[in-house]
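Each remark here refers to the structure printed beneath this line.
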Amino acid sequence: MSVRFVIDPLEFVKNAGNRHDKIPLDELARLHDLLFDREGEIIYHITGRLDQNEKPGLHLRINGKIHLNCQRCLDKLVHTVDLETFLLLAKDEFELDQADDDDNVDAILATPELDILGLIEEEVILSLSISSRHAEGECSTLKLKPTDNNPDDSPKSAHPFAALAALKKAN
Ligand SMILES: [Zn+2]
């Protein structure tokens, strides 16, 4: 069973839409490269509402625990996701450009079929620190392998976070 959740965001706001659900990490394919394993789930709460200027937007809360790779020892790093954001719904590209000029506003284009899980996935990915690692002294040093006698450890194998960093730079 797919948990895809697609809405017309402007209708959602008009109807004071409100949805609270959880997403198994298995469903968030774009996140998989960044994860140590796929245990856990993301819990979201989305409401459609108007901001103080009577502009429609989506209020989003995202919580959960996910397992990342520590950048130092490459072992499991438990990461708590705790995000809250308000996304202004731009009716067209012009409104979107205007909103982008304002650093205090996050806006998305109000396409009639907005994939909410895709949106949540993106918010989680953007929130992840590109230098996630255990606190000082908490790495599992036993798992640290010397790289000089490991032929599989080619220097050109990019870490997933390097790919993410490149992605962020491209934007
Ligand atoms: Zn570590």
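Here are the numbers:
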item	result
From His20, His32, His45, residue being in a helix (DSSP H, G or I) and closer than 30 Å to Leu77 by Cα	His32
Residues within segment 1-48 that are hydrophobic (A, V, I, L, M, F, W, C), within 25 Å of Leu109 (Cβ to Cβ) and exposed (fewer than 15 other Cβ atoms within 10 Å of the Cβ), tallied	4
Test result for Leu126, assigned to a helix (DSSP H, G or I) and at pLDDT below 95	yes
Residue list for segment 91-115, filter: in a strand (DSSP E or B), without any contact (Cβ under 8 Å) to a residue 40 or more places away in the chain and either within 16 Å of the ligand (Cβ to nearest atom) or of a type outside the set (A, V, I, L, M, F, W, C) (or both)	Asp106
Filtered residue count, segment 36-90, keeping only those that are among the charged types (D, E, K, R) and within 16 Å of the ligand (Cβ to nearest atom)	4
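Per-residue answers, yes or no, for (1) of a type in the set (Phe, Trp, Tyr); (2) more than 14 Å from the chain's Cα centre (by Cα); (3) farther than 27 Å from Pro24 by Cβ:
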{"position": "Tyr44", "(1), (2), (3)": "yes, no, no"}
{"position": "Gln52", "(1), (2), (3)": "no, yes, yes"}
{"position": "Leu60", "(1), (2), (3)": "no, no, no"}
{"position": "Phe94", "(1), (2), (3)": "yes, yes, yes"}
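The values are calculated or read from the model by the stated rules, or taken from the named source; none is laboratory data. Quick caveat, the model's predicted, so the values are computed rather than measured. As a convention, Cβ positions derive from the backbone with ideal geometry for all residues, glycine included, and neighbour counts pool all protein chains shown.
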